[in-house]
1. Which numbered condition in (1) small (G, A, S); (2) away from chain A (no Cβ under 11 Å); (3) touching a residue at least 12 places away in the same chain (Cβ under 8 Å) is the only one that B:S46 fails?
2. Look through the range A:28-40, keep the residues that are farther than 20 Å from A:L68 by Cα and within 11 Å of DNA strand D (Cβ to nearest atom), and return whichever of them is surrounded by the fewest Cβ atoms within 10 Å (Cβ to Cβ).
3. Confirm whether A:R67 is more than 24 Å from A:V138 (Cα to Cα), more than 16 Å from DNA strand C (Cβ to nearest atom) and modelled with pLDDT of 90 or more.
4. Hey, among B:L287, B:L280, which residue is touching a residue at least 60 places away in the same chain (Cβ under 8 Å), assigned to a loop (DSSP other than H, G, I, E, B) and within 14 Å of chain A (Cβ to nearest Cβ)?
5. Can you confirm whether the range B:59-72 contains a residue that is among the small types (G, A, S), within 33 Å of the chain's Cα centre (by Cα), more than 15 Å from DNA strand D (Cβ to nearest atom) and at negative phi?
6. Within the set of pairs 6+ apart or on separate chains, which have a first residue in the range B:12-41 that is closer than 14 Å to A:P4 by Cβ and touching a residue at least 40 places away in the same chain (Cβ under 8 Å), a second that is near DNA strand D (Cβ under 8 Å from one of its atoms) and in a helix (DSSP H, G or I), and C-beta atoms under 7 Å apart?
7. Considering (1) more than 15 Å from the chain's Cα centre (by Cα); (2) within 30 Å of A:A72 (Cα to Cα); (3) buried (at least 19 other Cβ atoms within 10 Å of the Cβ), say which one B:L142 fails and leave the rest.
8. So A:E132 clears everything in (1) away from chain B (no Cβ under 12 Å); (2) in contact with a His (Cβ under 9 Å, 6 or more places away or on another chain); (3) surrounded by 20 or more Cβ atoms within 10 Å (Cβ to Cβ) except one condition, right? Which one?
Number of protein chains: 2
Amino acid sequence: MKDPRFAEHLAVFVDVVRQGSFSGAGRRRGQTPSAIVRQIDALEHSLGVPLLIRSTRALTMTDAGERLFERAQPLLDQLTDTHAEIAAFDGAIAGTFRLACFPTFGKRYVIPAIERVMAEHPRLTIELDLTERLADPVLERLDAVIRIGRLADSTLIASKLADQCRLLIASPHYLARSGRPGTAAELAEHRLIDKLHGADLLGWSDVGRTAGGAAAIGPAVFRCDDFEAMRLAARAGIGIAFLPDWVIGTDVQAGELIRLPLEDEPWNAEPSGVWLLRALAQPSARLRIVSTALRETIGTPPVWTCG
Amino acid sequence: MKDPRFAEHLAVFVDVVRQGSFSGAGRRRGQTPSAIVRQIDALEHSLGVPLLIRSTRALTMTDAGERLFERAQPLLDQLTDTHAEIAAFDGAIAGTFRLACFPTFGKRYVIPAIERVMAEHPRLTIELDLTERLADPVLERLDAVIRIGRLADSTLIASKLADQCRLLIASPHYLARSGRPGTAAELAEHRLIDKLHGADLLGWSDVGRTAGGAAAIGPAVFRCDDFEAMRLAARAGIGIAFLPDWVIGTDVQAGELIRLPLEDEPWNAEPSGVWLLRALAQPSARLRIVSTALRETIGTPPVWTCG
DNA sequence: CTCCATCTTTGCCAAATGCGCAAAGCCGTT
DNA sequence: AACGGCTTTGCGCATTTGGCAAAGATGGAG
């Protein structure tokens with residue numbers, strides 16, 4: 001075909017129509033409006049007919065554009081399905097797998113899992129994005145992201161890697177020195193370790209809220225954006241921390257940190273977990289292998305679980 | 001989809017399988033084997049599985065490759081058909097139309113036709129390749145080529161623009177000075193005008209062959225690769241020329257050149273013509289417009305026809 | 001009516017990509 | 001063993017792509 005980039009530009013065109021603007025499509029794709037405009041110009045030039053009638057506030061399709069839009073989605077779906085079908089072959093795993101997750105989880109569990117996968121599949125390469133942000137697999141062209149906590153509704157497909165709980169914990173010598181709180185209200189008299197710029201799914205507000213009445217939170221004397229640092233601060237006796245069990249579960253098991261199960265921990269009443277999220281319905285062979293390795297590394301029940 | 005170039009590389013993959021080698025696919029596409037290899041590498045990397053088992057003599061597909069090959073052709077056909085369907089909308093003609101033809105034909109008939117088309121469609125742009133070569137529309141990414149004479153079988157789709165004949169002609173004063181040959185054999189005693197590096201479909205050998213026995217060809221005293229120059233040489237009385245009627249038809253009509261219909265011109269026994277050839281089954285809107293303009297410029301019967 | 005926010009467009013330029021070239025090595029045939 | 005034609009890959013260069021910034025358009029809010 002004369003225009004090898006036809007399918008590529010077609011997908012851009014569909015995004016423009018769906019989003020209603022070049023700017024919207026650009027945000028969706030992580031590109032500037034000028035880049036989008038140029039790709040649509042290339043498509044129109046290749047076809048020799050205009051597809052869109054533009055103004056700065058309204059974008060409408062021509063007859064040709066409407067016809068193309070009708071035809072485009074099934075075509076793009078078939079391309080996507082075919083890509084996924086072939087990518088699911090696992091005779092010989094190669095290529096790049098891109099994953100985003102929280103830094104602490106990544107260092108603790110993902111890297112060990114991936115070490116093993118790469119040993120077994122030398123031609124596989126990994127790009128691991130350790131970030132506190134909620135990465136978007138579609139926008140950032142990731143194969144998967146690991147999300148922790150409760151999931152917001154989205155078009156992403158989730159598979160559960162493990163359960164998780166959030167634990168109130170302190171070191172034994174902190175408790176010996178400052179007393180052991182018996183209720184959530186008593187936390188007001190204690191020194192707390194807080195997350196500096198945490199994601200929405202973590203934070204003391206859950207403890208305050210589920211204990212009833214006004215949040216009874218004491219002063220945060222140590223704030224940091226890194227789970228690992230918070231764990232070390234807790235072990236050092238700086239204060240009481242509120243952390244996921246995958247961060248401190250093994251310290252609790254070892255007696256280095258003491259769990260404070262105040263009021264039966266209502267913040268764990270609803271199920272919560274560690275999830276692997278992907279955009280495509282059909283998992284690629286790489287994703288299945290990485291998923292399996294993660295589950296094996298995490299264990300069943302997870303290695304961080306406290307009785 | 002993660003790989004925007006998937007469809008593009010898919011088409012390359014299909015060519016590689018069809019041609020049986022990277023080198024063959026490269027020749028088909030006008031690219032070097034290294035460029036083809038890289039595109040296949042990109043495809044395999046994107047899919048994460050090998051598609052081809054390579055050696056320097058044999059290229060075989062893996063299971064994944066076979067499956068992809070099965071799926072690819074219908075997909076690529078649908079893309080091509082969709083492109084063609086949309087390109088056939090002629091609400092507003094724009095884009096580039098690429099055409100190749102012989103220089104003399106181009107200057108005499110194509111440029112006047114295209115002048116008119118571009119006046120009517122200001123957003124249309126034309127790339128006109130005036131060449132003595134037989135241009136390949138697929139390889140050179142042309143919308144169409146004009147071929148003259150009898151057509152070799154090919155996958156190209158031909159529509160006839162006009163009939164053509166080849167004529168033996170000389171100027172009146174050449175004939176007055178050198179005598180008028182009555183048979184093909186008598187040409188041996190005359191001075192001839194020949195084409196320097198002509199294409200297969202033109203040349204004195206046809207005159208010699210159809211007149212029976214050994215070719216009775218006189219000395220070529222003027223050789224040139226340009227039809228227009230040959231026409232001017234004939235008018236100047238340099239010798240006898242053997243040219244298509246679209247080159248010298250109007251000179252014969254005006255009496256400036258005399259047609260020599262030796263032995264009922266057996267070289268015109270089989271039909272011959274001027275053809276517009278394209279690669280795609282469905283003509284684009286641009287092609288229809290250019291085709292119509294060419295027919296109108298050439299006329300019915302052609303303006304060059306001699307009674 | 002004015003202002004503002006957000007859009008599209010386009011020239012310019014930097015960054016990224018793709019490809020040709022050339023060389024090395026492989027492989028089947030002669 | 002030699003040869004022809006293949007694949008592969010490093011390198012350099014040309015081309016393409018896309019971000020930036022500025023200009024102008026447009027609808028809604030005040």
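The values are calculated or read from the model by the stated rules, or taken from the named source; none is laboratory data. Please read all numbers here as calculations on a predicted model, not as lab measurements. Glycine also receives a Cβ, built like all others from the backbone with ideal geometry; neighbour counts cover every protein chain displayed.
1. With (1) small (G, A, S); (2) away from chain A (no Cβ under 11 Å); (3) touching a residue at least 12 places away in the same chain (Cβ under 8 Å) applied to B:S46, the lone miss is (2).
2. First, the residues of the range A:28-40 that are farther than 20 Å from A:L68 by Cα: A:28-35.
Pick out the ones that are also within 11 Å of DNA strand D (Cβ to nearest atom) and you get A:29-35.
Details: A:R29: 20, A:G30: 12, A:Q31: 16, A:T32: 13, A:P33: 15, A:S34: 9, A:A35: 15.
Per the stated criteria, the residue is A:S34.
3. Working: more than 24 Å from A:V138 (Cα to Cα): yes; more than 16 Å from DNA strand C (Cβ to nearest atom): yes; modelled with pLDDT of 90 or more: yes.
Yes, satisfied.
4. Details: B:L287 fails: assigned to a loop (DSSP other than H, G, I, E, B).
Exactly one of B:L287, B:L280 is touching a residue at least 60 places away in the same chain (Cβ under 8 Å), assigned to a loop (DSSP other than H, G, I, E, B) and within 14 Å of chain A (Cβ to nearest Cβ), namely B:L280.
5. Checking the range B:59-72: at least one residue is among the small types (G, A, S), within 33 Å of the chain's Cα centre (by Cα), more than 15 Å from DNA strand D (Cβ to nearest atom) and at negative phi.
6. From residues that are closer than 14 Å to A:P4 by Cβ and touching a residue at least 40 places away in the same chain (Cβ under 8 Å), the pairs are B:F13/B:I40.
7. (1)
8. It is condition (3) that A:E132 fails.
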